[in-house]
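The values are calculated or read from the model by the stated rules, or taken from the named source; none is laboratory data. Everything numeric here is computed off the predicted structure, so don't read it as measured data. Neighbour counts run over all protein chains shown; Cβ positions are idealised from the backbone, glycine included.
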Amino acid sequence: MSEVGPEGSDTPSGLLSGVTVLDLSTVGPAARCTRILADYGAEVVKVGPVPGSADPIRPPPYAYSGSRYLRRLQVDLKAPGGRVAFLALAATADVVVESFRPGVLDRLGVGLDELSAANPRIILCSTTGYGQSGPRRDWAGHDLNYLAMGGYLDAGGRGADGGPCLPGATVADAAGGGMHAAVAVLAALAGRGPSGPAVHLDVSVAEGVLWLTSLGVDEHLATGAEVGPGHDVLTGRYACYDTYRAGDGRWLAVGAIEEKFFANLCTRLGCREWIGRQFDDGVQDEIRTAFATAFASRDRQAWVDELAPADTCVTPVLTVAEVARDEQFVARGAFVEVTGAAEDDPERFLQVSPVLAGMVRPAGPIKLPDPGRSDAASLLRRAGIESDQISRMLADGVVA
């Protein structure tokens, strides 16, 4: 059950209660990382640029879970007073997450040296496309680029023109970067000593994608095999692991890798002649044709009703709209209602709940924070800055 925090927005209880994270990111892998940390109960403070000092990306209000649970302030890191404010916040924080180009924090005067002087136990998590070193450290990129560089894109299926298919989710941002960074932060929190030293986590999104693709890369390194589409059971070589169109035009996913599951599937489809030849390379086209013909004879739901409970590893290929209504997700509380920030805001909609294992799934609606609200004064007071100094910082525009 979520609890209402002192600023009027919901703040969660959770495994990371008591951990404070300063988040200098706006979107992308770093924002996915702090979304995870916030949903585990950390206090995440979004630190954005002051108005006029930059043109920040503004994602839609529903993106990144609508910034649920987050506190925020704006700081001009190029101004001496802004740096003083940020380092004061860092002195009482546990983690700083950033996604600037390599070297930017140092040039601003808030890099690891300055952060560790303010807080010897600080964890600095830097998320970049290719890491803080190497010949590609300064390359710009996005999700698709990192999937391409990490081998993921080429190892997948092919479109009608023979080119790699675009993925249906931001796998690099979410897993190669966001989860990668969150796991690294959690490991650093668990392993840091009572007096430090400070830790700098160099999160390369492309290396996170490399790890996701490591089954195939390791096989190539060990054997020299050319790994790609159709190479093995997981990449389309065999009919037992593929997708098939049902009679109503919708699709089914078949993952019958084990012999018993394949036998069950063949029996139910009326294709018993292929039992025992599951991995016979010479007959895969025939098996695919037989399966495709069988699946085309009935609507998708009819096949799901018969095959899914029958140990065949068959599931429907759900659209996003179908996922949002899926009975399994609904039964497990995977969606939560959220409300607008203002008391008189009637807007209500659903979003994906904190669903990762160990996160607290709220029993009631979550009130989203007002995107225009600033917690600057209360956060800076808590960091030990005197009220008159805070007033000057606000008046000078170095914080907002």
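Would it be correct to say that Tyr130 is in a loop (DSSP other than H, G, I, E, B), hydroxyl-bearing (Ser, Thr, Tyr) and within 25 Å of the chain's Cα centre (by Cα)? Here the answer is yes, as Tyr130 does meet what is asked.
Having 1 or more residues that are β-branched (Val, Ile, Thr) is the bar; report the helices (runs of 4 or more DSSP H) wholly within the stretch 295-400 that clear it. By residue number, 300-307, 320-323, 327-331, 387-396. Here is the figure for the stretch 193-219: residues that are crowded, with 16+ Cβ neighbours inside 10 Å and free of Cβ contacts under 8 Å to residues at least 24 places away in the same chain total 0. When Ile257 is tested against (1) crowded, with 16+ Cβ neighbours inside 10 Å; (2) in a loop (DSSP other than H, G, I, E, B); (3) of a type in the set (A, V, I, L, M), only condition (1) is not met.
There is at least one residue in the stretch 183-195 that is out of contact with any strand residue (DSSP E or B) (no Cβ under 8 Å at 6 or more places or on another chain), in the same structural domain as Ile123 (by TED's automatic domain parsing) and in a strand (DSSP E or B).
Quick grid of which residues meet (1) over 27 Å from Gly131 (Cα atoms); (2) in contact with an Asp or Glu (Cβ under 8 Å, 6 or more places away or on another chain); (3) crowded, with 20+ Cβ neighbours inside 10 Å:
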| residue | (1), (2), (3) |
| --- | --- |
| Tyr69 | yes, yes, yes |
| Leu73 | yes, yes, yes |
| Leu77 | no, no, yes |
| Pro80 | yes, no, no |
| Val84 | yes, no, no |
| Ala93 | no, no, yes |
| Arg101 | no, yes, no |
| Asp106 | no, yes, no |
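Across the stretch 370-388, the qualifying residues are those that are surrounded by fewer than 16 Cβ atoms within 10 Å (Cβ to Cβ) and at pLDDT 95 or above, and the one among them that is farthest from Leu89 (Cα to Cα) is Asp388.
Only one of the numbered conditions (1) basic (Lys, Arg); (2) at pLDDT below 90; (3) surrounded by 14 or more Cβ atoms within 10 Å (Cβ to Cβ) is not met by Arg361, and that is (2). The residues listed here are Val304, Val398, Val317; of these, the one that is closer than 30 Å to Ala79 by Cβ, surrounded by 14 or more Cβ atoms within 10 Å (Cβ to Cβ) and modelled with pLDDT of 95 or more is Val398. Within the stretch 169-192, the set of residues being among the charged types (D, E, K, R) and crowded, with 20+ Cβ neighbours inside 10 Å comprises just one member, Asp173. Return the residues of the stretch 349-400 that are more than 18 Å from Phe86 (Cβ to Cβ) and of a type in the set (Asp, Glu); say none if nothing qualifies. Once the filter is applied, which keeps residues that are more than 18 Å from Phe86 (Cβ to Cβ) and of a type in the set (Asp, Glu), the stretch 349-400 yields Asp370, Asp388.
With the condition kept exactly as written, say whether any residue in the stretch 162-175 is touching a Cys at 6+ places or on another chain (Cβ under 8 Å), touching a residue at least 24 places away in the same chain (Cβ under 8 Å) and not in a loop (DSSP other than H, G, I, E, B). Looking for residues that are touching a Cys at 6+ places or on another chain (Cβ under 8 Å), touching a residue at least 24 places away in the same chain (Cβ under 8 Å) and not in a loop (DSSP other than H, G, I, E, B), one finds none in the stretch 162-175, hence no. Close contacts from the stretch 222-234, counting a first residue that is closer than 21 Å to Ile257 by Cα and a second that is among the β-branched types (Val, Ile, Thr) and part of a loop (DSSP other than H, G, I, E, B), with Cβ to Cβ under 8 Å and a gap of 6+ residues or different chains, come to Val233/Ile257.
I'd like to check something: does the stretch 118-126 contain any residue that is closer than 26 Å to Met393 by Cβ, in a helix (DSSP H, G or I) and touching a residue at least 40 places away in the same chain (Cβ under 8 Å)? Within the stretch 118-126, not a single residue is closer than 26 Å to Met393 by Cβ, in a helix (DSSP H, G or I) and touching a residue at least 40 places away in the same chain (Cβ under 8 Å).
Scanning the stretch 281-328 for residues that are polar (S, T, N, Q), within 24 Å of Glu259 (Cα to Cα) and touching a residue at least 40 places away in the same chain (Cβ under 8 Å) yields Gln284, Thr312, Thr315.
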